[in-house]
Amino acid sequence: MKHNSNNELDLESGKLDKNQERTIPSGRVVKVHNQALLSGLAYCLSSCSMILINKFVLSSYDFSAGISLMFYQNFISVIIVSVLSLLGLISTEPLTWRLVKVWLPVNVIFVGMLITSMYSLKFINVAMVTVLKNVTNVITALGEMYLFKKHHDNRVWAALFLMIISAVTGGITDLTFHAIGYAWQIVNCFLTASYSLTLRKVMDTAKQVTKSGNLNEFSMVLLNNTLSLPLGLLLIFVFNEVDYLMRTPLLRLPSFWLVMTLSGFLGLAISFTSMWFLHQTGATTYSLVGSLNKIPLSIVGILLFKVPTSLENSASIFFGLLAGVIFARAKMREKSQP
C-alpha cells in the first residue's frame, strides 16, 4: 500500500483526513462524518450484548463447551458474510494464500482471546470481568510505548495505576471468587492487548498483499472467522469437548439453539464493529472506550444475574469504573497537547 503523508491514517484521532471521502461499491462518493463516534457506539452496543448472552449460555444454561460455542458463533458469521458477498450486498477480498500467511498470527491470538474470554466468563460474574479487563489498558499502553514509541503523560499512568488497584481490591472482596476464572481472565487481558496491537501492525501489511490494495471491514471479519474454524475444530478435539457434546441434553432444546444462533449473529456484530472501531481510532482508544462501556454493563450484569455482593466489593467495582473515566479524561488531555 502506498503511503500519502497528506492523507495518512491517524489512528488516535480516528480520522483519515478532515475532508476525506470514500467510494462505495455503487461508484458513488460519500463523505465520512463522525466515523469514530459511530463505530464506537456500535462497538459498545454489540460488545455489551455479546458478553451478557455468553454469560447466559455458559452460566444459566451451564454449557461447558466454550470452544464449541466460539466455533458455532464464528461459523454463523462466515455463513452470513459469505451470503451477503454472493448477493453483491457487500464486497470482500478473495482469501489468497499470501493473505492467509500474513493474517495467521493475528488469527491465532484472536482465537485465544475468544476462548479465554469464554472460560473466564463462565466462572466470574460480569461486573468483576469488566473490572479485571481494565488490566488490558495497562498492557496495551505499555505495548504502544515499546512497539510504536508512543509516550503517555503522568495522568494516564496514574489512571492506569488506579485500574490495577481496583482490580486487586475487587478480587480480594469478591464473594464469588474463583481462582481458575481469574487465571483465565488474566491470560485474556494479555491476549486482548496483543490482538489490538498486532492487528494495528498487520493491517497495512495485509492490504499490500490483496488484489485491490485494500482490506475492508467485512473482508477482515470473513478472514478472521474463516481461519478460526479449523483451529477451533482442532481445539474441540484436543480439549475433548466432543464427548461432552454427545452427552449434554442442551443440544436437544430448541430454545438453547435459538440463543446459540443469536449469539452467532452477535459474534458477527462484535467482529465487525471491533475491527471497524480499531481501524477508525487506535489500540489505546479501543481499550479505553471498552472501559467506559463497562459502567452500564456492570450494573446490568449484577441485576440480571442476581450476583451476591458486599459493600466493599461494590466499592471496588465502582472504583474500577471511575478509574476508567479518569483514564478517558487523561487520554483526552494528552491528545489535546501538541
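The values are calculated or read from the model by the stated rules, or taken from the named source; none is laboratory data. Values in this document were obtained by computation on a predicted structure and should not be read as measured data. Every residue, glycine as well, gets a Cβ built from its backbone with ideal geometry; the counts of neighbours run over all protein chains shown. In case anyone asks, the SASA skips ligands and DNA or RNA and just uses the protein heavy atoms, side chains included. Shrake-Rupley method; radii C 1.70, N 1.55, O 1.52, S 1.80 Å.
Structure data summary
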| quantity | calculated |
| --- | --- |
| Two-site FRET efficiency, VAL100 against TYR146, from Cβ-Cβ distance with R₀ of 30 Å, rounded to 0.05 | 0.60 |
| FRET E, pair LEU87, ARG247, Förster distance 41 Å, beta-carbon r, rounded to 0.05 | 0.55 |
| Nitroxide proxy distance, nm - points 7 Å out along Cα→Cβ at PHE239 and ALA158 | 4.1 nm |
| Computed [θ] at 222 nm, deg cm²/dmol, the chain (DSSP H ≥ 4; -39,500 (n - 2.57); rounded to nearest 500) | -24500 deg cm²/dmol |
| Highest average packing first - 41-49, 306-314, Cβ atoms within 10 Å | 41-49, 306-314 |
| For the chain: relative contact order, % (alpha-carbon pairs under 8 angstrom, 6 or more apart) | 35 percent |
| Accessible-area ranking of VAL238, VAL202, largest first, probe 1.4 Å | VAL238, VAL202 |
| Full-extension gain in nm, SER60 to VAL168, via 0.36 nm per residue minus C-alpha separation | 36.2 nm |
| Probe 1.4 Å, accessible area per residue of the chain, Å² | 49 Å² |
| Gained length - LEU292 relative to LEU229, 0.36 nm times residue gap less alpha-carbon distance | 19.5 nm |
| Two-site FRET efficiency, LEU175 against LYS201, from Cβ-Cβ distance with R₀ of 41 Å, rounded to 0.05 | 0.50 |
| Surface share of carbon and sulfur [accessible, 1.4 angstrom probe, percent] for segment 133-252 | 69 percent |
| When each of LYS55/LYS149; LYS201/LYS294; LYS101/LYS149 is checked by Cα-Cα distance, pairs over 32 Å | LYS55/LYS149 |
| Exceeding the 32 Å Cα-Cα cut-off - candidates LYS122/LYS150; LYS122/LYS207; LYS133/LYS207; LYS207/LYS331 | LYS122/LYS150; LYS122/LYS207 |
| Rg/Rh ratio calculated on Cα atoms of the chain (Kirkwood radius) | 0.96 |
